[in-house]
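Report on the following structure.
The values are calculated or read from the model by the stated rules, or taken from the named source; none is laboratory data. This one's a predicted model, so the numbers in the text were calculated from it and none came from an experiment. Cβ atoms come from the backbone with ideal geometry, glycine included; neighbour counts cover every protein chain shown. Side chains included, ligands, DNA and RNA excluded: accessible areas come from the protein's heavy atoms. Shrake-Rupley method; radii C 1.70, N 1.55, O 1.52, S 1.80 Å.
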Amino acid sequence: GVPDFERAFDGHVAFTLSNIFGSLFHNLTLGAFASAPPNSGATRRWWKQLARASRSFALVADATVALLGGGLKVKQKITGRMADALAELYLLSCILKRYEDDGCPRADQKFVDYCAENCLYRFDRALAGTLDNFPIAWVGLVMRPLVFPYGFARNPASDKDGKAIARAALQPGELRDRLTRDIFITDDPKDRIGLLEHTLLKVIAAEEADKKLERAIRKGEVRRDYNNDWIAEAEKKNIITAEEASALAEVRDLTARVIAVDHFDA
């Protein structure tokens, strides 16, 4: 059994050394030479970043298990951060796989970019937290330059991108259908999910009337006060038609139902 053990041990040492030098190389080159599937197209950079992050995770995971051993079981902050890092790698893998399985639709590219940026940011943050709080202080100091040779420099996706994605997801069409294809959907307003869908369609249908009303409120032509029915006032002043007023009133009532929470007597 000794030769078998030696082969297994030598293989593990070789793997660890490969991770050390591979992690340093790919982090120094920002993943430029990392592997990516052929014909990955617009997601090629994310595949490279996923490969780069996987190298870093393997390095830290190896060092953590080797140096802490059974004591790792009681280091729940460390194991929690490592679990967070692994989860982000898994999520990013799923995102890229689903995008390819869907035929790489151009409309979904911004969703992939947004999610990938946030996954990698959270991954780096979890790994940095592991190194900063490593029980053996000098080990964290030694590994940090291998994983973050330029320091912690990654940023999450911007709020502007998040807003654009939220707007796109709220528009009925193929893109939204792909996002919700495995979710129970109904248009029955008596159902909580159906109420959301029903209200969304009504809001979109009344969008132009709502813009007219908002402009009138900004100009001071209509008062939006607690004790004033501003929709009725706008209709009375011929700012919106009777049909538009009826649609806006329906949207107002539906919105109130959507945001209502259970209320119990004291």
Look through segment 76-106, keep the residues that are more than 17 Å from Ala116 (Cα to Cα) and basic (Lys, Arg), and return whichever of them is farthest from the chain's Cα centre (by Cα).
Lys77
Any residue that is closer than 30 Å to Leu59 by Cβ, of a type in the set (A, V, I, L, M), exposed (fewer than 15 other Cβ atoms within 10 Å of the Cβ) and modelled with pLDDT under 90 - is there at least one of those in segment 160-169?
no
Does Asp187 fit the bill of being open to solvent by 90 Å² or more (accessible area, probe 1.4 Å) and in contact with an Asp or Glu (Cβ under 6 Å, 6 or more places away or on another chain)?
yes
Of all residues in segment 247-266, how many are of a type in the set (D, E, K, R) and modelled with pLDDT of 90 or more?
4
